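**Q** Here you go, one structure.
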Amino acid sequence: SNLQSIGGRLEIRDCDALTSLNGLYNLTSVGAGEKELIIDNNAVLNNISGIANIAPGSISKLVINNNPQLAFCNYPNICTYINDYDPLVYLRTILNNNAACLNEYYLSIVCSPSGCPTGDLNLTSQTD
């Protein structure tokens, strides 16, 4: 695809047969407006490498949620967004995926160069 930017929200939701986002490989920005990247409730999605070139600063809200086959999402741009951007300004919801993408906590560990979380950890349940 030659698509390089989107002027607002990119929402990929409820696509029961979608396995990959490879067609978005040239996308570098979700741009102006809502600046949201939402990947939610895709039953067989297992590859989001197509979004690996999106500049993290072009996103103001990141949702990777309810994609049970998605085990790898620690691309450099996603890791930068999770570990380096203020979560009060750059909103994120990472939940109910698989393996390292299970939730934001696991993703932050995988994205950490040392493999260990940095900063304060707030555990609210036994499963955390």
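The values are calculated or read from the model by the stated rules, or taken from the named source; none is laboratory data. Just so it is clear, the structure is predicted and the values come from calculations on it, not from any experiment. Cβ atoms come from the backbone with ideal geometry, glycine included; neighbour counts cover every protein chain shown. Heavy atoms of the whole protein, side chains included, go into the accessibility calculation; ligands, DNA and RNA do not. Shrake-Rupley method; radii C 1.70, N 1.55, O 1.52, S 1.80 Å.
**Q** Name the residue that is farthest from Ala71 (Cα to Cα), counting only residues in the stretch 93-108 that are at pLDDT 95 or above and part of a strand (DSSP E or B).
**A** The qualifying residue farthest from Ala71 (Cα to Cα) is Thr93.
**Q** Return the residues of the stretch 68-92 that are over 16 Å from Ala52 (Cβ atoms) and part of a loop (DSSP other than H, G, I, E, B); say none if nothing qualifies.
**A** Pro68, Gln69, Tyr85, Asp86, Pro87, Leu88, Val89, Tyr90, listed by residue number.
**Q** Out of the residues in the stretch 1-23 that are over 13 Å from the mean Cα position of the chain (by Cα), within 18 Å of Asn67 (Cα to Cα) and among the hydrophobic types (A, V, I, L, M, F, W, C), state the one that is most open to solvent (accessible area, probe 1.4 Å).
**A** By that ranking, first place goes to Ala17.
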